Each structure stands twice: as structure tokens, then as C-alpha cells.
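The structure under discussion appears below in the form of C-alpha cells.
The values are calculated or read from the model by the stated rules, or taken from the named source; none is laboratory data. This is a predicted model, so every value here is computed, not measured. Note that each Cβ is placed from the backbone with ideal geometry, even for glycine, and that neighbours are counted across all protein chains shown.
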Amino acid sequence: MYHLRTVATLSVALLLGACAAPMRSSLTPEQRGKITELTAHVVVVQDEVIAAVQPSNVSAALGGGLIGAIIDSKVTNSRVNESQQALGPFYAAIEEVDYRKEFKESIERGLSGYPIKVGKFNTTPRALSNDKLLHLREDLQPGQALLVISPRYTLSMDFRSFDSESVVTIWLKPDASASNMPSQRGVLRYQSLPIGPGGKESLALWAAKNAVVFRDMMRESIAETVRMVMLDIDVASTTAAQPKDLKSFAFNVGNSMSEIKGQVLKAGVGRAILLGTDQKLYSLPDLASVATTAKK
Amino acid sequence: MTKTTTLIASLAALLFGNAAAAATASVSAAESGDKVEMKYDAAASETGAKPFRAGTCTLHIVRAVDARQNKETIGQSMGGALLAGDISPWMTEGLGHLRDFGYAVSTVNPADAAPAADGVTIRTSVTRAYTWQIGLKIFSMVAVKAEFLDRNGVLQQKYYRAHGDKTNMWGAKDEYVTTLNYGLNNLLPFVARDLQSLCKGEKVDGYSYAGPDGPPR
């Protein structure tokens, strides 16, 4: 009976997994021109940072079958156990950190300089239901649009990187856009500089001196996310990047280094914001830019 | 084979029926999310481990303080936010089950400032109680700051983290509470073990992580 129930749940989970929203959609110039004010609704479900325990690739290797998914579930379980064991002392050092409060302060400060006025901010731990979303859209006045930001934040599986991924959507009043899809959707990713060699040594560095490194990187992730939110609407009107414009950046995927290719939209010292070829916006460490600056 | 197929088909139908019911519930809850009842369950366990005999003194358990940063939710299900009210009664009832480890347990009014003349008085505040999901697993985290007092005053302050994990069977909101119960029930053996020393006036480690594997023997 237990197994049958699990199989039934798995079937539904696999079916649902097949329905994915498009990575990126943009406001039309007409829609963009009509927006005079945004209402920002920030949904932070997490109570604290979670170690990203990446699902194993077993099911992909087995062609995504049910048996593979069951094995995955067991592997994920043991990985979380290991992570939580190692994370204990680190969690003790970040007990007082309040991501929601930091996000609220940062976005209010950041968006105050935005060309479109942001009239109202709301930060909540409550996941957004369809009913709440509809209610918020119905409350909009002419010229207003709803900006929904849903950040998630994690430590990478090797504990070297602080990562965040925010889904940002813009919704119009239901009569201005009858669609159940957002008028704009973007995915914004941040990754910190890698800290330490990995494992417990990295955790000790994050936690040292009242977790000063962790607090700094978390604040940077929020500030960069706010910057990307602001860039996001403008990027919508730019043309697609040509292959010659693409630049590669190192990206920690948790158990190995990978690469993200994209068009650089904003380059600073040690960090760049790019539009990836996967249509996500990234804020990534740019070690090459530091080296170039140092040589000058 | 036919029987199994029929069973799976009917289970799938039942599951979709549940999903429809969940959607209706979420509509009636309007915009606020789904309310969950934080009901303690002493029998909830992912390992089926039985309490061991540890009790050596009387415990006076002060009502737990709900010191979470977020006192609104314990996470989210597919239906939306999982709303839980004050979790003090849940934690207090859970700690009361230290009696299952052989301790004589009484509850104490928080207004009684002085520790009891006999045994150990336990004051706790819950700083985290939340769930999250990875793939088909639900995980829970419970963080507790505890203060153990004997008749001379504070004997020791201690910080515990406990976690539980459970396969998400139906996507039902009660499963998230069950996962938190797994976490709390993983915590109790560690507190019971510490109390063996504390009852004798001896100090213990300042931090323990309590996972499903239980305390080292």
C-alpha cells in the first residue's frame, strides 16, 4: 500500500514536472508605456538559508522513469542528513540574521531611484496563492502594475557559494490583461565569490566573527537582485545578443565548476550582470575584471 | 497484475480527487493560505525508534516561548502558505513526553520565577520551526534554545537543532506538521540523554544536532 501511494504521488509529480513556464517573457512597449506606478510584493517563504542539496542525476540516467525517481528520493534524503549535521554550528552563528528585513530595507532603498515610481511595498512569508494574486491585481488602479519578487537563497552543496534565485513577474489589472500568465517574467540569479576550499572549512569561514562574511554576501545578493530587477524591464526591449557578444563566466554548480555564457549588461569591479544564453539574468563574480584592474 | 493496475488507477483517481478538494479549501481560505493545526503526535517517527530509559530526576517544564522570526507560517505546500499560530503548546506538549524516557514531569507556570527546589527546571524558546521540500521529500527544522535550572539557578544554557524528513505522500498539509513532529521527536532523545548528566549537576555540550539517527550510544 505504502509503495502504491508513493507510486501514485510520483506519477503526479512527474506529470506536473512536465509543465514549465517560459523562462523569460517581456512587456510590450505599449504595456510598458502605460505603467506609471508599481506595487511591489516580495514573497520570502524561507526562514533561513538552506544548503542546496542537489537531486541526484539518477533519474535522468535511467530516462526519468519511476524507479529512478524513487532512488532519487532516497539519495536526496541522505544528502540532506549529511548537510544538516555539518551545518549546526554555522546555523548557531546566523540565528539573528533576518533576510526578510534586509530585503525589505534594500528594495525600498534601491527602487526609490527607479524611473517608475514604486508606491507600495509588502514583504511576506506567505507563498502567493492564485486567489491572493487575483486580489492584488484587482486592487490595482489605472496606470499601476504589480511587481512580484520571490527570492530563494541557498548555500551550494560544497558550501563554497551563497546563491540566490528570484523569480520576478509583472502583472496588470485583470481587465488590462486577461491572461493568467504574467505580462513579464524573469529569473534572476546571484552567486557570491567562492569562500574557502569547501565543506566544513568553508562553513567555518562563513560563520567566523559573528558570520560577517555570510552577512556581507547575503546583503550583496539582495542589492544585486534589486539591481537586476531594475535592469530587467529595460533589457526586455534590447535585441537578442549576437554570438560574438557572449562572454563566459565560471559558475559553481555545487560539486563542480561549470560555465555560464551571456551578454554582459553591466560590468563592475569584480562582478558583472549578464543575460545568459538560457535567458536568465546573472550577477556573477568576474575575477578577470579584478585581474585587469589590478594590472592597470 | 490486473489487481495492481486497478489499485494504482483508483489511487490516482483518489489523489486527483484530493487535489480538487485541496483547491476548494484554498479558495475558501481566500487570500490568506491554508491553516494547519500544530498537533503534537508522540508516535510520529521516521525510524520507529522507541524511547530509552533515562530518567533520574523530576523535570519541571515551563511553557515554551514562541521566539520565531516568522510567526505566521511553517512553509508552503502546493496549495500555498501553511499558516500556523502560536506553536508554544506544541513544543510544551512535546517536551512533556520526556516522561516516556522515565522522567517524572510536571508543568510550571512561567510566572513562577524561582526554579523548583528539586530536580531540573527547563525553560525553552523555539527560534525556528519550518519545513521545505526537495523533490518528493519534505524536510523540517526545529531550533530550540534551552535553559536548565536547578535549585541554585541556571545550570546550563544549550542550543539544539533537530530535523526530520518524510516522503511527500499526498501533498496534504498535515504531512508538513507530521514532518515537524518527526523533528521534535528526534530532539527528545537528545534532551533525555543530556538530562541524565544535568540531573546530577553535571554540564553537557553547548550544542547538539538531533537527526533521525538518534544520539550516539
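A single member of A:S283, A:S256 is touching an Asp or Glu at 6+ places or on another chain (Cβ under 6 Å) and modelled with pLDDT of 75 or more, and it is A:S283.
With respect to (1) part of a loop (DSSP other than H, G, I, E, B); (2) under 30 Å from B:K200 (Cα atoms), the lone exception for B:D86 is condition (2).
Here's the yes/no breakdown for (1) away from chain A (no Cβ under 11 Å); (2) of a type in the set (S, T, Y); (3) touching a Ser or Thr at 6+ places or on another chain (Cβ under 7 Å):
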{"position": "B:A111", "(1), (2), (3)": "yes, no, no"}
{"position": "B:A117", "(1), (2), (3)": "yes, no, no"}
{"position": "B:A143", "(1), (2), (3)": "no, no, yes"}
{"position": "B:G171", "(1), (2), (3)": "no, no, yes"}
{"position": "B:Y176", "(1), (2), (3)": "yes, yes, yes"}
{"position": "B:L187", "(1), (2), (3)": "yes, no, no"}
{"position": "B:Q196", "(1), (2), (3)": "yes, no, yes"}
{"position": "B:Y209", "(1), (2), (3)": "no, yes, no"}
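Results for (1) within 14 Å of chain A (Cβ to nearest Cβ); (2) in contact (Cβ under 8 Å) with a residue 60 or more places away in the chain, shown as yes or no for each residue.
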position: B:Q157; (1), (2): yes, no
position: B:G164; (1), (2): yes, yes
position: B:L180; (1), (2): yes, yes
position: B:A192; (1), (2): no, yes
position: B:V204; (1), (2): no, no
position: B:G214; (1), (2): yes, yes
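Count of segment B:145-155 residues, restricted to those that are more than 22 Å from the chain's Cα centre (by Cα) and either within 11 Å of another protein chain (Cβ to nearest Cβ) or among the aliphatic types (A, V, I, L, M) (or both), is 3. Set side by side, the residues A:E37, A:E95, A:E48, A:E105 differ, and just one is surrounded by 18 or more Cβ atoms within 10 Å (Cβ to Cβ), at pLDDT 85 or above and not hydrophobic (A, V, I, L, M, F, W, C), which is A:E48. Residue pairs whose Cβ atoms lie under 7 Å apart, separated by 6 or more positions or on different chains, with the first residue in segment B:124-135 and more than 10 Å from chain A (Cβ to nearest Cβ) and among the small types (G, A, S) and the second surrounded by fewer than 21 Cβ atoms within 10 Å (Cβ to Cβ) and not in a loop (DSSP other than H, G, I, E, B), are B:S125/B:V65; B:S125/B:K145. Restricting segment A:108-127 to residues that are in contact with an Asp or Glu (Cβ under 9 Å, 6 or more places away or on another chain) and within 13 Å of chain B (Cβ to nearest Cβ), the residue that is surrounded by the most Cβ atoms within 10 Å (Cβ to Cβ) is A:P125.
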